[in-house]
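I have placed the structure first, in the form of structure tokens, so that the comments after it can refer back to it.
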Amino acid sequence: MDIEDRVRSVRERVAAAAVKSGRAPESVALLAVSKGHPPGAVREAAEAGLKLFGESKVQEAKAKIPLCPGKLRWHFIGHLQSNKARDAAFLFEMIQSVDSLAIAEVLSKAAVNAGKTLQILIEVNIAGESTKFGYHPDSVRADLARINSLPGLEIHGLMGMAPWTPETERARPMFRKLKALHDECSGCLGAPLPVLSMGMSGDYEVAIEEGSTLVRIGTALFGGGRYPISPAN
Ligand SMILES: *Cc1c(COP(=O)(O)O)cnc(C)c1O
């Protein structure tokens, strides 16, 4: 299968999962995770119709994005260190992985300095794994209003990752909890949050059935990655 076939296949499965849960196929955005893949792979994916791409390392993205077609939209999905916030604010339309008030404050300053409004998602550690980044589900509410008041940032919703498992049904309760927290946060802010980012290559259909509006797909589109530009984050 070439990338065009894989894009078609993922799109069909996304649409089927949306329809199964009573939603329009267009209600789920497809973000192509290009980490570990060269600009040529991004170009092929763009030619196959993809417009939204995700990177998890600022260094890699900084080297790669200028070599990719213009007009693509880029989201940051990895753990962000404060010394990379300035570059991230320039490179990305959205930071999906805001996991502390401290990084939100640094991003706010960077966005204001860059003269732009940066979209953000709050990352939630839905599995409670100590090896993963993200807010503990019980801590999100406490910081939500503070983050919402920061200039230069616009909260669009939540992001979460389920641990990999061959039995995708195991991810369902975690996705369901994240959706409930997402709805609660919308209530707290008094405005509907448009983005719930959950679902990866192994579990995106279940995530869509549980309310995901954005799936982050790497392996199912590009295969395994082999392009480490830099080991640095
Ligand atoms: C790598 C990555 C993905 C994509 O994972 P695949 O299993 O390859 O689809 C999605 N989200 C985040 C945060 C990632 O780091």
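Since every read-out is calculated from the coordinates, none of them should be taken as a lab result. This one's a predicted model, so the numbers in the text were calculated from it and none came from an experiment. Glycine also receives a Cβ, built like all others from the backbone with ideal geometry; neighbour counts cover every protein chain displayed.
Rounded, prolate or oblate: which one fits the chain, using the alpha carbon gyration tensor with axes a ≥ b ≥ c (rounded when a/c is under 1.5, else prolate when a/b beats b/c, else oblate)?
In terms of gyration-tensor shape, oblate.
When only C-alpha pairs under 8 Å and at least 6 residues apart count, what is the relative contact order of region 1-114, in percent?
19
From the Cα gyration tensor of region 74-210, with a ≥ b ≥ c the square roots of its eigenvalues, which class applies: rounded if a/c is under 1.5, or else prolate if a/b is larger than b/c, or else oblate?
It is prolate, given that a/c is not under 1.5 and a/b is the larger ratio.
How high is the relative contact order of the chain, in percent, with contacts defined as C-alpha pairs under 8 Å that are six or more residues apart?
Rounded, it is 22 percent for the chain.
What do you get for trypsin sites (Lys or Arg not before Pro) in region 1-83 restricted to DSSP loop and a cutoff of at most 11 other Cβ within 10 Å of the site's Cβ?
When the trypsin sites (Lys or Arg not before Pro) of region 1-83 are filtered for loop state and at most 11 Cβ neighbours within 10 Å, Lys71 remain.
Once label points are set 7 Å from the Cα along Cα→Cβ at both Glu184 and Ser9, what is their separation, rounded to one decimal in nm?
Using points 7 Å along Cα→Cβ, the separation is 3.9 nm.
By how many nm would the segment from Lys71 to Lys177 lengthen if fully extended, with 0.36 nm per residue of separation less the alpha-carbon distance?
34.7 nm
Suppose only helical runs count, i.e. DSSP H with n ≥ 4. What mean residue ellipticity at 222 nm does that imply for the chain under -39500 (n - 2.57) per run, divided by all residues and rounded to the nearest 500 deg cm²/dmol?
-11500 deg cm²/dmol
Please work out whether region 1-127 counts as rounded, prolate or oblate from its C-alpha gyration tensor, where a ≥ b ≥ c are the square roots of the eigenvalues and a/c under 1.5 means rounded, while otherwise a/b larger than b/c means prolate and anything else oblate?
The shape class here is oblate.
What is the gain in length, in nm to one decimal, between Ala145 and His79 on full extension, counting 0.36 nm per residue of separation less the C-alpha to C-alpha distance?
21.6 nm
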